[in-house]
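Here's the structure, in structure tokens; my notes come after.
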Amino acid sequence: MDIPKIKICFSNKRKNIASRTDLEIFCNDIGLDPFKLVTVNQVHSSNIISAKLPGNYDCYDGIVNFGGKLVCSIKVADCLPIYFVNNVSKTLGLLHAGWRGLSSGIIKKYLDMISKDVDNHLNTYALIGPSIQDCCFRVQEDVINHFDSKFYSKIDAKHFKVNLQKWALNQILDSNIKVENVFISKNCTYCNKSKYHSYRRDARNAGRMYAMIGWEE
């Protein structure tokens, strides 16, 4: 993704972020203004805030900033961090998309929110960051009806493996975003124990990674 002045960042285990202060230091270290930082208390929903001021907001799993004057951040530990940037309007978006968010339409909701602000999505780019891949993501039959059948396969009578990245890509391409404007990390958070936190792997002992996007001044 070759867009001048955009900063798209993702922390890992080497950058242990355990507090708001740590997050602000990380923001400053990567060349973004911590006084413009927007964060959300995530609840695995399709709720998206249209942020106009910096701060922390309750019960959201997505952020849109029209005009790109703020810095957006979410935390993940297997779920997909999905970054959006429009190179003309400068609008930024950042989504925390687990299977619940994908099944409840968080991507479509975001793209519908920005549709009036962009030129038919022709200048919109998307990046799906490090997240659990189909090599490690398993679900049981009790929840499989929440998933699009095109993106899972059966392992045995009770277990299925799911490709969340392909499911998310399919939803992104349902808009007019060009396939060449979508980028997907192949890094699996579950597999890479030395590098990434994973809730599925470590449960309550798992830390969190932070995704961040903003424009350089």
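The values are calculated or read from the model by the stated rules, or taken from the named source; none is laboratory data. What you see is a predicted model, and the numbers here were worked out from it, not measured in a lab. Counting neighbours? That spans all protein chains shown, and the Cβs are built from the backbone with ideal geometry, glycine included. Side chains are part of the model used for accessible areas, which takes the heavy atoms of the whole protein and leaves out ligands, DNA and RNA. Shrake-Rupley method; radii C 1.70, N 1.55, O 1.52, S 1.80 Å.
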Under the Debye formula (equal points on every Cα, no solvent term), log10 I(q)/I(0) of the range 1-159 at q = 0.08, 0.09, 0.13, 0.16 Å⁻¹: -0.25, -0.32, -0.65, -0.95
Per 0.36 nm of contour for each residue apart, how much would the distance between Met113 and Arg14 grow if the chain were fully extended, relative to their Cα-Cα spacing? 32.1 nm
Label-reachable residues, the range 1-37, where backbone N falls under 16 Å from a point 7 Å from Lys193's Cα toward its Cβ: 13
Expected output is a single nm value to one decimal: the length gained when fully extending between Leu122 and Cys136, i.e. 0.36 nm times separation in residues minus the C-alpha distance. What is it? 1.7 nm
What net charge is computed for the residues neighbouring Lys109, neighbours being all others with C-beta under 15 Å from the C-beta of Lys109, Lys and Arg scored +1, Asp and Glu -1? -1
Around Asp61, with a cut-off of 13 angstrom between Cβ atoms, what is the net charge of the other residues, counting Lys and Arg +1 and Asp and Glu -1? +2
The ³J(HN,Hα) series, computed from each phi in the range 98-111 with the Karplus coefficients 6.51, -1.76 and 1.60 at θ = phi - 60°, rounded to the nearest Hz and given as x for glycine or proline, is x, 5, 5, x, 5, 6, 9, x, 5, 5, 4, 4, 4, 5
Using only alpha carbon pairs under 8 Å that are at least six residues apart, calculate the relative contact order of the range 111-193 and give it in whole percent. 45
What whole number of Å gives the distance from the Cα centroid of the range 11-84 to the Cα centroid of the range 92-168? 19
Assign unit charges at the C-beta atoms only (+1 for Lys and Arg, -1 for Asp and Glu), then state the dipole size of the chain relative to its Cα centre in Debye, rounded to the nearest 20. 540
At 7 Å along the Cα-to-beta-carbon direction for both Glu217 and Lys178, put a label point, then send me their distance in nm to one decimal. 3.4
Solvent-accessible area, 1.4 Å probe, carbon plus sulfur percent, for the range 1-127: 50
Calculate one ³J(HN,Hα) per residue across the range 182-195 by plugging θ = phi - 60° into the Karplus curve 6.51 cos²θ - 1.76 cosθ + 1.60, and present them in order as whole Hz with x for glycine and proline. 10, 10, 10, 6, 9, 6, 8, 5, 6, 5, 8, 5, 6, 10
Please get the size of the charge dipole for the range 105-217, origin at its Cα centre, with Cβ charges of +1 on Lys and Arg and -1 on Asp and Glu, quoted in debye to the nearest 20. 620
Taking the full set of protein chains and a 1.4 angstrom probe, give the accessible area of His44 in square angstrom, rounded to the nearest 10. 90
Roughly how much of Lys69 is accessible, in Å² to the nearest 10, using a 1.4 Å probe? 150
How much accessible area per residue does the range 1-119 have, counting only protein heavy atoms and a probe of 1.4 Å, in square angstrom? 44
Taking 7 Å along the Cα-to-C-beta vector as the label spot, tell me the Tyr57-Lys150 distance in nanometres, rounded to one decimal. 3.0
Could you order Asp119, Asp78 so the one with the most accessible surface comes first? Probe is 1.4 Å. Asp119, Asp78
